[in-house]
Amino acid sequence: QIQLVQSGPELKKPGESVKISCKASGYTFTNYGMYWVKQSPGQGLWYMGWINTETGRPTYADDFKGRFVFFLDTSASTAYLQINNLKNEDMGTYFCARDGFVYWGQGTLVTVSS
Amino acid sequence: DIQMTQTPSSMPASLGERVTISCRASQGINNYLNWYQQKPDGTIKPLIFYTSSLQSGVPARFSGSGSGTDYSLTISSLEPEDFAMYYCQQYDSSPLTFGSGTKLEIK
């Protein structure tokens, strides 16, 4: 069956970087784009952007340009989200979702605290 | 960007009750509207796509309707497992945008 399994929770300090993985299984990875969605604590859902898994081209929503990087390891059917120079406001849960938004990862909680 | 105004933000309701959650887009979205359920453990479950099409495995008590800028999710008879957060999402144009959510609570 189709699954997206994300990496575990992260505790980081401001200024550090974090890398979140989203491993896909049960389908051909490069046939569907991968989207990223952020949920701040107690808040709603925010679209971060997506990555074309066939070409590797990322597209970022305006609020997520600069410190946020989407990339792939297609040999491992895995998409990654890296956040550089972490800020307190980056704290939250990050979800990956396959194109079509039928399949979602379980979410990865990122805590930023000095 | 298209703004999605979701109402109400919270809704106390009873088992067996019929409830409706609304989403209004700031411009027409051509029925490109999804609904999701999020449980307290954070798990997101897609319920409805393209306004009214039920995702596989979703109970028939869930239904969606709407057109233009106004859309709604209806649960015909609440079951215990339905008490959760609900979000709408438009995918007519980028950036994709979500409603702010509705917390369905037990009355």
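Quick notes on this one:
- Comparing the full protein assembly with the isolated chain, the residues of the stretch A:60-104 losing at least 20 square angstrom of accessible surface (1.4 Å probe) are A:95, A:101, A:102, A:104.
- Summed buried accessible surface, chains B and A, 1.4 Å probe, nearest 100 Å²: 1100 Å²
- A Cβ-based charge dipole, computed about the Cα centre of chain B with Lys and Arg at +1 and Asp and Glu at -1, lands at about 80 debye.
- With Rh defined as the Kirkwood radius, the inverse of the mean 1/r over Cα pairs, the Rg/Rh of the protein assembly as shown is 0.97.
- Accessible area (Å², 1.4 Å probe, nearest 10) - residue B:93: 40 Å²
- Semi-axes of the equivalent ellipsoid of the stretch B:32-107 are 20, 14, 11 Å, computed as sqrt(5λ) over the eigenvalues of the C-alpha gyration tensor in descending order.
- Solvent exposure of chain B as accessible area per residue, Å², 1.4 Å probe: 46 Å²
- What you get for chain A, charging only the Cβ of Lys and Arg (+1) and of Asp and Glu (-1), is a dipole of about 140 debye around the Cα centre.
- The slack between residue A:111 and residue A:71, meaning 0.36 nm per residue of separation minus the straight C-alpha distance, is 12.2 nm.
- A loss of 30 Å² or more of accessible area (1.4 Å probe, protein heavy atoms, ligands and nucleic acids excluded) relative to the isolated chain is seen in these residues of the stretch B:8-48: B:36, B:38, B:44, B:46.
- Taking the DSSP bridge list for the protein assembly as shown and keeping only pairs wholly inside it, about 90 percent are antiparallel.
- Assigned charges on the beta-carbon of Lys, Arg, Asp, Glu; the protein assembly as shown dipole about Cα centre (debye): 220 debye
The values are calculated or read from the model by the stated rules, or taken from the named source; none is laboratory data. Small disclaimer: the values here were computed from a predicted structure and weren't measured. Every residue, glycine among them, receives a Cβ derived from its backbone with ideal geometry; neighbour counts consider all protein chains shown. Only protein heavy atoms, including side chains, enter the accessible area calculation; ligands, DNA and RNA are left aside. Shrake-Rupley method; radii C 1.70, N 1.55, O 1.52, S 1.80 Å.
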